[in-house]
Amino acid sequence: MGLLWTIIVGFVVGLIARAIMPGRQVMGFIMTTLLGIGGALLAGYAGQLLGLYKLGEPVGFVGAIVGAFILLFIYDQLRK
């Protein structure tokens, strides 16, 4: 159940990051999900390392969106 929940949350986070990023991002379901999961991992580790929040706190969802946005920006720059 944990893996399924990770995929669902990753997809939602990826969709939100794509929605707030200006311009058009052409990527499918799998890439959007991987973007969200990667953003969640990036923000989760960075936020805990810096002491901003602990595992399981709701602010982690916002951090995951920020992390996914950063990954999307990097991905977009590398595609150009």
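The values are calculated or read from the model by the stated rules, or taken from the named source; none is laboratory data. Just so we're clear, the structure is a prediction, and the values are computed from it rather than from any experiment. FYI the Cβ positions are ideal-geometry reconstructions off the backbone, even for glycines, and counts take in every protein chain you see.
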In region 1-35, what residues are among the hydrophobic types (A, V, I, L, M, F, W, C), more than 25 Å from Lys80 (Cα to Cα) and either modelled with pLDDT of 85 or more or not in a loop (DSSP other than H, G, I, E, B) (or both)? Leu3, Leu4, Trp5, Ile7, Ile8, Val9, Val12
Which residue pairs have Cβ atoms closer than 6 Å, lie 6 or more positions apart in sequence or on different chains, and pair a first residue in region 64-80 that is of a type in the set (Val, Ile, Thr) with a second residue that is surrounded by fewer than 20 Cβ atoms within 10 Å (Cβ to Cβ) and at pLDDT 90 or above? Ile65/Ile16
Please tell me if Ile65 is hydrophobic (A, V, I, L, M, F, W, C), in a helix (DSSP H, G or I) and out of contact with any helix residue (DSSP H, G or I) (no Cβ under 8 Å at 6 or more places or on another chain). no
Of all residues in region 23-52, how many are over 18 Å from Thr6 (Cβ atoms) and either touching a helix residue (DSSP H, G or I) at 6+ places or on another chain (Cβ under 6 Å) or among the charged types (D, E, K, R) (or both)? 2
Can you tell me which of Gly23, Gly51 is surrounded by fewer than 17 Cβ atoms within 10 Å (Cβ to Cβ) and in contact (Cβ under 8 Å) with a residue 40 or more places away in the chain? Gly23
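Would you check which residues across region 17-40 are among the aliphatic types (A, V, I, L, M) and either closer than 16 Å to Asp76 by Cβ or touching a Phe, Trp or Tyr at 6+ places or on another chain (Cβ under 8 Å) (or both) and list them?
Within region 17-40, Ala17, Ala19, Ile20, Met21, Val26, Met27, Met31, Leu34, Leu35 qualify.
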In this structure, is Ile74 assigned to a helix (DSSP H, G or I), under 16 Å from the mean Cα position of the chain (by Cα), hydrophobic (A, V, I, L, M, F, W, C) and within 12 Å of Val13 (Cα to Cα)? no
